[in-house]
Protein chains: 2
Amino acid sequence: MEMLPQVRLGLDIKRAEQALMTAKSSAVRTADLTVAQYAALLALAQRPGISAAALARDCLVTPQAMTGVLKTLQTRGLIERTAHPWHQRVLETRLTEAGQHALTAADTEAVRIERRLADEFTAEEQDILRALLARCVQAIERDR
Amino acid sequence: MEMLPQVRLGLDIKRAEQALMTAKSSAVRTADLTVAQYAALLALAQRPGISAAALARDCLVTPQAMTGVLKTLQTRGLIERTAHPWHQRVLETRLTEAGQHALTAADTEAVRIERRLADEFTAEEQDILRALLARCVQAIERDR
DNA sequence: GCAGCTATATCAAGGCCTTTATTTATATTC
DNA sequence: GAATATAAATAAAGGCCTTGATATAGCTGC
């Protein structure tokens, strides 16, 4: 190996993401949701009537992955999908009443995690962290 | 929602991790490995003869998840598992010649990504990022 | 009008991961 | 020595995600 695993920045990023996912996962489970389902509902609340493809882009997953999540959510009555009025290829997706309730319950818990994170840092530190992470993405995606 | 999704630090962390995974995934695919398989082989190279349970802890996954990965790796002849000399419950896992080769090939590519990341920052910036991420983990896991 | 491009939706196969539960072996404690 | 605790391995079920492929709708340019 040309580079000791311990010095690789990727590991630190992964650890943080892992801790976050574990915590969020158990947080949203109190509303009987998975993180993927919660993310989809949250994005849907922001942009009602969005297409599954656009939703997938918002959630940073493939359209195929989103199809599966939406199928589960629809079966459980948390969303409804209706044909776009004039664009026959598109299905508009919206939260149902039950979906809104589940989202609210899950978000209350999820925000608790985000709050812990926000409270850990000063505003300046948050900006620094955000900027450094943005540069990570930039560096990783450069010259791909 | 009590907190706009855009201001949640979790999103920034997730984005960085996602970019990393995407890049690493395509990097190690040149050696016909997945990131999970690469991570297992890398940990195995660091600690030859380790048990599957310990390997799982190293890779931050459950023993069940690791069992699946090891099964694939063993089928493809990249690792070998032999009974522990006196501890009958434990299987020692080791890289085969082919496994070592695959790991070397994959690591060459993976290190390229880590190199881009390391080159993006000064030593001080790396330390700051590492420290901030460590505090994220700390904050998330506090009072669980 | 039509070819070609782009975007949406969805199927299928291959993997990975989690939770829950079981079996078995070693270690500890009395 | 026997009961208890701890740890390893593994099975099963439920989800999520990826890549690759297919079908179709709308748009663009000729």
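The figures follow:
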| read-out | value |
| --- | --- |
| In region A:38-48, residue farthest from the chain's Cα centre (by Cα) [restricted to those that are more than 9 Å from chain B (Cβ to nearest Cβ) and touching a residue at least 40 places away in the same chain (Cβ under 8 Å)] | A:PRO48 |
| Inter-residue pairs, beta-carbon under 6 Å, first more than 14 Å from every other protein chain (Cβ to nearest Cβ) and in region B:57-85, second of a type in the set (S, T, N, Q) and within 9 Å of DNA strand D (Cβ to nearest atom), 6+ apart | B:ILE79/B:THR93; B:ARG81/B:THR93 |
| Residue in region A:88-102 that is more than 20 Å from the chain's Cα centre (by Cα) and of a type in the set (Lys, Arg) present | yes |
| Conditions (1) over 28 Å from B:GLY10 (Cβ atoms); (2) polar (S, T, N, Q); (3) crowded, with 16+ Cβ neighbours inside 10 Å: number failed by B:GLN126 | (1) |
| Residue within region A:10-19 that is modelled with pLDDT under 95, over 19 Å from A:LEU117 (Cβ atoms) and of a type outside the set (Lys, Arg) present | yes |
| Contacts under 6 angstrom Cβ, first residue in region A:114-143 being at pLDDT below 95, partner assigned to a loop (DSSP other than H, G, I, E, B) and buried (at least 16 other Cβ atoms within 10 Å of the Cβ), 6 or more apart | A:GLU114/B:ARG8 |
| Where A:LEU60 falls short, out of the listed (1) hydrophobic (A, V, I, L, M, F, W, C); (2) at positive phi; (3) over 16 Å from the mean Cα position of the chain (by Cα) | (3) |
| Members of region B:3-53 that are touching a strand residue (DSSP E or B) at 6+ places or on another chain (Cβ under 9 Å), at negative phi and within 12 Å of DNA strand D (Cβ to nearest atom) | B:ILE50, B:SER51, B:ALA52 |
| Scan of region A:54-82 for residues that are more than 7 Å from DNA strand D (Cβ to nearest atom) and in a helix (DSSP H, G or I), ordered by number | A:ALA54, A:LEU55, A:ALA56, A:ARG57, A:ASP58, A:PRO63, A:THR67, A:LEU70, A:LYS71, A:LEU73, A:GLN74, A:THR75 |
| Candidate set from region A:15-33 (those that are free of Cβ contacts under 8 Å to residues at least 12 places away in the same chain and surrounded by fewer than 21 Cβ atoms within 10 Å (Cβ to Cβ)); member that is farthest from the other protein chains (Cβ to nearest Cβ) | A:ARG29 |
| Residue list for region A:56-81, restricted to those being within 13 Å of DNA strand C (Cβ to nearest atom) and surrounded by 21 or more Cβ atoms within 10 Å (Cβ to Cβ) | A:ALA56, A:MET66, A:VAL69, A:LEU70, A:LEU73, A:ILE79 |
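The values are calculated or read from the model by the stated rules, or taken from the named source; none is laboratory data. All values reported here derive from a predicted model rather than from experimental measurement. So basically every Cβ, Gly included, is an ideal-geometry build from the backbone, and we count neighbours across all protein chains shown.
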